[in-house]
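Report on the structure given below.
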Amino acid sequence: MRALQTAGTVPEDLLPVQEIFGPVPQGEGPYTGRCACFIRLGRCNLHCPPCDSKRTWDTSCYDLAQTCPPRSVEEIVEVAGEHGAGSGITVVSGGEPLLWQRTAAWHQMLTALPGDVHIETNGTISPDEFTTERVAHFSVSPKIGRMGAADPAKRRIRPVVLDDFAELARRGKAAFKFVAADTGEVEEAAHLVRDSQIPHDRVWIMPLGDDAATWTAVGRGIVGRVMGYGFNFSGRLHLTLGVR
Ligand code: SF4
């Protein structure tokens, strides 16, 4: 399993960190606009072609030892504090951050970070009991359509895991975020939502696009279908504002 392979390259008491930044407004999903510090961990178990975080995993372009150097929990928490952790929400993202949940460093980091901690995950790994208890919110983003084009369905869509997150969504502790490039991809998301019995009001559809013009054009093409399902429409506030 890839999680064990990648974890094995980093000492148990360290975590690979690509970047820590903030305070910035959370740009996407139900917490849009909330003051946030981001901690982006290295490694991913998927290979989405439009990924905007390839420095966390793409060894064909990057030396991960350079882009995601292992750092101690003390250093991570200290730097996060300098970037707003504790003032607003702290978002642990990636990559796929749940690859690290079996490590001692993960437990130490979640214990030491102040305030509400959010996790952004691709929905292929269920959170363990400790992580579920400690984390205030999971943003779950299963990969469909163009996002999922490079990985087989059985790798990126794991029904048992989606069922776990759907249960957390019903408890108000998780929200699903699907990136869609056209109405066909909104339909693909809707099928998954139906199969996993995810409450429609816990689903955000976000247009694919890494610049404001593309995002707006795609958004105009899909917004009607998104509303037709009773889903929510996610902005990308950082694109609108021109900040990270
Ligand atoms: S799951 Fe997220 S971090 Fe991983 S390749 Fe896909 S978009 Fe990138």
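The values are calculated or read from the model by the stated rules, or taken from the named source; none is laboratory data. What you see is a predicted model; the values in this text were computed from it and never measured. Here the Cβ is made from the backbone with ideal geometry for all residues, glycine too, and neighbour counts use every protein chain on show. We work out accessible area using only protein heavy atoms, side chains counted, and drop any ligands, DNA or RNA first. Shrake-Rupley method; radii C 1.70, N 1.55, O 1.52, S 1.80 Å.
Quick notes on this structure:
- With contacts taken as Cα pairs under 8 Å and at least 6 residues apart, the chain reaches a relative contact order of 18 percent.
- Solvent-accessible ranking of S126, S93, largest area first, probe 1.4 Å: S126, S93
- For the chain, cysteines whose Cβ has no other cysteine Cβ within reach (under 4.7 Å): C35, C37, C44, C61, C68
- Residue among E78, E120, E129 with the largest mean-square fluctuation in a Gaussian network model of the chain, springs linking Cα atoms under 10 Å: E129
- The range 2-241 - convex hull of the alpha-carbon atoms, volume per residue in Å³: 113 Å³
- Counting only DSSP H runs of at least 4 residues, each contributing -39500 (n - 2.57), and dividing by the residue count of the chain, the helix-based mean residue ellipticity at 222 nm comes to -10000 deg cm²/dmol.
- T240 accessible area, 1.4 Å probe, all protein chains in place, Å² to nearest 10: 100 Å²
- Accessible area expressed per residue, the range 2-241, with surrounding protein chains retained (probe 1.4 Å, Å²): 42 Å²
- C35 exposes around 60 Å² of accessible area when a 1.4 Å probe is run over every protein chain in place.
- Most positive-pole-ward Cα, N232, P114, A104, against dipole of the range 2-241 from beta carbon charges: N232
- Each Lys and Arg adds +1 at its Cβ and each Asp and Glu adds -1 at its Cβ; summed about the Cα centre, the chain shows a dipole of about 540 debye.
- Overall, the accessible surface of the chain at a probe of 1.4 angstrom is composed of carbon and sulfur to the extent of 51 percent.
- Quarter of Cα convex hull surface for the range 1-97, i.e. mean projection, nm²: 6.6 nm²
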